[in-house]
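Here is the structure we will look at, set down as structure tokens.
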Amino acid sequence: MRRFLFVGPSLPDPRRYFGGADDIRVLPPVKAGDLLALEPGPGDVIGIIDGLFHQVRSVQHKEILHALQRGATVLGAASMGALRAAELAPFGMRGVGRIFADFASGRLTADDEVAVVHTDREHGFRSLTFPLVSLRYTLERLVGLERMSPREAEGLIREMRALHYTDRTLERLGGRPRGAALRACLESAWIDAKQDDAIRLIEELTRHPQVFPELRDVPDTIYLHAWRLGHETGGHTLRIYQLFGRGYEELHARLVQDAIRAECASRCGPAASAPFPDAILNHAHHEGYLVPDDTALPPRLRPWLTEREHAGEPPLTLLRKAVTRAYRMLPDVTPDAEAARRLRSAGLAARAREVHGLATAINLNAQSRLPGFSVESIPDDRLAQLASDLYGVRPDELETAARMRGFSCADVLLAALRPYYLLAKYNPETVALSLDVS
């Protein structure tokens, strides 16, 4: 059994509460992809207290469900952990503490109840603002002690809720009329709600909590597949060869056609009709795309071919190309997963890392020399023109070119190309990648 704890500003010094449980691995606030990187398995226990959400993508629900499906126990409390536990309790995530209970019951509904601004790991995850939930609980205590009226407490909550979470500080309260007295009153009764619940989670974590049975009914999605694939391939190899690998179109077409044949064998069976001299076209017929003995291209398939292809290739070849490009893969039968495996086995990851490193260095140099520059500021029309040059197509043919390389659409291709624009534009020889993968 392995134990992990994602924690930051809610409890900057968690080890003092471990009680001798030295095997707990402390990790910084969780973000998207972190749970996949753990490769969780049966018996593992993952505690989530803090998580990032503004500067990066927050931890995804499907990641947590994936960990549960693999047999891990996932605990949540205090901050991001409480939010995710309230949302995923029906699926087996375990919530701990008062904040979780209030989100689960609906008493708390806004994510910013637990949001704070804090320093980074190097500076100790020090909170620079207070969470609204701590103020809420503190005011409830003061009202219960008859040191504040319910009306005054409600007014203060409304005032603080109207502020962005980045502006909620005791110093701001202290600057109001009679603010010094109010601040002193609050500090005398302050409830650090997130810290209290974080300690409770650690107590659960150190008690070897019950392992929930493996979930077997959590559906896969194309998004979860993409996150897993990014982790498994290092995040760069597949994308770089999709963008720049000479011959990737042929590899992708072979993989899609293999998937079509496998699907036909599974769903249609050997007794299915075969009016076309091609297994790919026969499955398209089984699915209602093609009519027997008719080689005319159906209108629904025409967008998957360029005008030049329409004019210069035999009808059956055109049909085969169009069916291959139009075929929609299921989340668990994606050709890029097999492509990534073949790229890894061919030893191409090192070259991809080199290309990614060069692109990163060029982008950083441009940012230092050109005030206001970022890769996000590169105009879309320049990206489209570069892609057209790379693939030898017109800008209006990019949609087809994207599908030929395994991208769902031209917009996704251009987004993937953006970080490599400067390198590919001004150092094209560095992205001229050969691809010989059987």
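The values are calculated or read from the model by the stated rules, or taken from the named source; none is laboratory data. What you are looking at is a predicted structure, and each value in this text was computed from that prediction instead of being measured. Using ideal geometry, Cβ is built from the backbone for each residue, glycine included, and neighbour counts are taken over all protein chains shown.
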query = Would you call LEU348 within 23 Å of the chain's Cα centre (by Cα), modelled with pLDDT under 85 and in the same structural domain as ALA415 (by TED's automatic domain parsing)?
reply = no
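If only one of LEU88, LEU83, LEU75, LEU38 is free of Cβ contacts under 8 Å to residues at least 60 places away in the same chain and within 18 Å of GLN195 (Cα to Cα), which one is it?
When all the criteria are applied, what remains is LEU83.
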Scanning region 391-414 residue by residue, those buried (at least 18 other Cβ atoms within 10 Å of the Cβ), at pLDDT 90 or above and out of contact with any helix residue (DSSP H, G or I) (no Cβ under 6 Å at 6 or more places or on another chain) turn out to be none
Considering region 154-183, residues that are surrounded by 17 or more Cβ atoms within 10 Å (Cβ to Cβ) and of a type in the set (Lys, Arg), and then whichever is farthest from the chain's Cα centre (by Cα), we arrive at ARG183
Open item on the list: With the structure loaded, tell me whether ASP13 is without any contact (Cβ under 8 Å) to a residue 40 or more places away in the chain and either buried (at least 19 other Cβ atoms within 10 Å of the Cβ) or hydroxyl-bearing (Ser, Thr, Tyr) (or both) or whether it fails that test.
Closed with: no
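Assess whether ARG151 counts as being among the charged types (D, E, K, R), without any contact (Cβ under 8 Å) to a residue 12 or more places away in the chain and surrounded by fewer than 20 Cβ atoms within 10 Å (Cβ to Cβ).
Numbers: among the charged types (D, E, K, R): yes; without any contact (Cβ under 8 Å) to a residue 12 or more places away in the chain: yes; surrounded by fewer than 20 Cβ atoms within 10 Å (Cβ to Cβ): yes.
In short, yes.
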Out of (1) under 29 Å from MET93 (Cβ atoms); (2) of a type outside the set (Gly, Ala, Ser); (3) at pLDDT below 95; (4) surrounded by 15 or more Cβ atoms within 10 Å (Cβ to Cβ), the one LEU186 does not meet is (1)
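Answer yes or no: is there a residue in region 40-56 that is of a type in the set (D, E, K, R) and modelled with pLDDT under 90. Lay out the reasoning, then the answer.
Residues of region 40-56 of a type in the set (D, E, K, R): 44, 50.
Okay, now just the ones that are also modelled with pLDDT under 90, so none.
No, region 40-56 has no match at all.
Test PHE125 against the criterion of being more than 19 Å from ALA189 (Cα to Cα), within 24 Å of the chain's Cα centre (by Cα) and at pLDDT 95 or above, and give yes or no.
Values: more than 19 Å from ALA189 (Cα to Cα): yes; within 24 Å of the chain's Cα centre (by Cα): yes; at pLDDT 95 or above: no.
Considered against the rule, which asks whether it is more than 19 Å from ALA189 (Cα to Cα), within 24 Å of the chain's Cα centre (by Cα) and at pLDDT 95 or above, PHE125 comes out as no.
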Wholly inside region 131-199, helices (runs of 4 or more DSSP H) that include 1 or more residues that are in contact with a strand residue (DSSP E or B) (Cβ under 9 Å, 6 or more places away or on another chain) are none
In region 16-60, anything buried (at least 16 other Cβ atoms within 10 Å of the Cβ), assigned to a strand (DSSP E or B) and not aliphatic (A, V, I, L, M) is listed as GLY47, GLY51
Worksheet item: Can you spot a residue in region 108-116 that is part of a helix (DSSP H, G or I), modelled with pLDDT under 90 and among the charged types (D, E, K, R)?
Response: no
Restricted to region 364-376 and to residues being part of a helix (DSSP H, G or I) and surrounded by fewer than 10 Cβ atoms within 10 Å (Cβ to Cβ), the residue modelled with the lowest pLDDT is GLU376
Among (1) of a type in the set (A, V, I, L, M); (2) in the same structural domain as GLY51 (by TED's automatic domain parsing); (3) within 24 Å of PRO14 (Cβ to Cβ), LEU135 falls short only on (2)
Restricting region 395-438 to residues that are charged (D, E, K, R) and either touching a residue at least 12 places away in the same chain (Cβ under 8 Å) or in contact with a strand residue (DSSP E or B) (Cβ under 6 Å, 6 or more places away or on another chain) (or both), the one farthest from LEU251 (Cα to Cα) turns out to be LYS425
